[in-house]
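The values are calculated or read from the model by the stated rules, or taken from the named source; none is laboratory data. Predicted model, so just to flag it, every value in this text is computed and none were measured. Cβ atoms come from the backbone with ideal geometry, glycine included; neighbour counts cover every protein chain shown.
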Amino acid sequence: MTSVRREWRYTDGAVCPPSVLAALAHELPDTPRTVLERQLLAGAVYVNGLRIEADTPLTPPVKLEYFEPKDGSAPPPAFDERWVVFEDEDLLAVAKPAGLTAMPARDQRFHNLKALMEARTGAPIHMPSRLDTSTAGLVVVSKTPRMHPRLQHIFERRRVEKVYLAEVSGEVDFTSTTVENEIGRDPTHQVLRRVVSTGGKRAVTHFEKLRTRSVAAPEGGAIATTLKALPVTGRTHQIRVHTAHLGAPIIGDNFYGGLPAPELHLVCWRLAFPHPMTGAAVRLTVPEHHTPTWALGISPEI
C-alpha cells in the first residue's frame, strides 16, 4: 500500500468549500498546493466515488476522497535505465525497486511500473506476472503484440523458473523444506492472505537455508536467516504467507509479523526461461547495483 486514504463529507452548503482544491488545501494545510495538483492529475482524487482529474466545484451533499502518498511530497519516479537487465525487440526485463506498484491502482494511474515502462517503450506492454508493491526484483514483460501470447503461455505452463531471496527473523530448523499449504483470503482484511485447511488455492514453495547473520532489533541483537525460495505456484503473498506459517516471518513484513525494518526483505532474485520466440535459454539475475543491502554477498549462482 503506497497511499493513505482520506475522506471528507460535506452536507452543509455554508461550510462546504467551493471546489476540490479549495477543500484539499483547507483539510491538508501542510501539503504544498503543487503536490495536491499533481495528485489530482495522477487520478488520486474522487468525488462521490468518481475519479476526477481537474479542479471541480463541490455541491453538497458530497463525499471527497484523497489518496495521500506515503512518501510525502516526493514526486513519482521516472523510468531509470539502470533498472534494465535484459532487452530485445520483443522482451524487456527490469529490476523493480521496492515500493513501486507494478500495475495501476485506484490511488495512482501513473506511479506504477507498467505506466513507466509504457512511457519508455511508447507502446502497451503485457505483464504476465507481477510483484507486490513492497517486493523488489525482476519483472519481465512483452513489448510487441506477437510476443504477448507467447510470454503469457510460458508463464501459464510454469516454464519460468523463479528464485527469490527472503531474509526471515530467527534461525530455522531445516536445511531445506517444502511448504504445501493452501492459501485463502483473510476474512479480517481484503488484502491479507492466510494458510487455510479448506477452500483455498493450492500453493507450493520450496525453501533452502543459505546463511544466518546478526541484525539489529528493538530489543537488542537478533538472528536473521536468508532463505532461497522457489515458488511452484504463484498465489498472492505466497512466500510471505508460507514463511510466516513456518514461524519465520520475513523481516520488514508488517502484514505477517516480521521484524520491523524500513523495507521488506524479499527480492525476486533470478528468472530463467526459454525465449518464447527463439527457444534460447534466458537467465537473469538482479545486478549488484540493485541488490538490497541485506542480500549482498549472495552468489548469483545459488
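What about Gly234, is it at pLDDT below 95, among the small types (Gly, Ala, Ser), buried (at least 20 other Cβ atoms within 10 Å of the Cβ) and not in a helix (DSSP H, G or I)?
no
Select, from Lys209, Lys228, the only residue that is basic (Lys, Arg), under 24 Å from Ala102 (Cβ atoms), surrounded by fewer than 20 Cβ atoms within 10 Å (Cβ to Cβ) and in contact (Cβ under 8 Å) with a residue 12 or more places away in the chain. Full working, then the answer.
Details: Lys209 fails: under 24 Å from Ala102 (Cβ atoms).
Going through Lys209, Lys228 in turn, the sole match is Lys228.
Tell me the strands (runs of 3 or more DSSP E) entirely within region 93-180 that contain at least 1 residues that are assigned by TED's automatic domain parsing to the domain that holds Ile223 and acidic (Asp, Glu). Steps first, please.
Working: elements: 136-142, 161-169, 176-180.
Passing ranges, in order: 161-169, 176-180.
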query: What residue, among those in region 1-27 that are among the small types (Gly, Ala, Ser) and assigned to a loop (DSSP other than H, G, I, E, B), is nearest to Val62 (Cα to Cα)?
result: Gly13
- request: Scan (1) over 30 Å from Gly252 (Cα atoms); (2) assigned to a loop (DSSP other than H, G, I, E, B) for the single condition Asp30 breaks and write down its number.
  value: (1)
message: Residues to consider are Ile239, Ile223; find the one that is surrounded by fewer than 21 Cβ atoms within 10 Å (Cβ to Cβ) and either assigned to a loop (DSSP other than H, G, I, E, B) or among the hydrophobic types (A, V, I, L, M, F, W, C) (or both).
response: Ile223
- request: Select from region 178-195 the residues that are farther than 23 Å from Val139 by Cα, exposed (fewer than 15 other Cβ atoms within 10 Å of the Cβ) and in contact (Cβ under 8 Å) with a residue 12 or more places away in the chain and list them in ascending order.
  value: Thr178, Glu180
message: If I go through region 260-299 residue by residue, how many of them are crowded, with 22+ Cβ neighbours inside 10 Å and under 15 Å from Ala224 (Cβ atoms)?
response: 4
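Restricted to region 242-259, and to residues that are assigned to a helix (DSSP H, G or I) and not small (Gly, Ala, Ser), which residue is surrounded by the fewest Cβ atoms within 10 Å (Cβ to Cβ)? Outline the logic, then answer.
Of region 242-259, the ones assigned to a helix (DSSP H, G or I) are 242-245.
Then keep just the ones that are not small (Gly, Ala, Ser); that gives 242-243, 245.
Numbers: His242: 27, Thr243: 27, His245: 17.
It comes out as His245.
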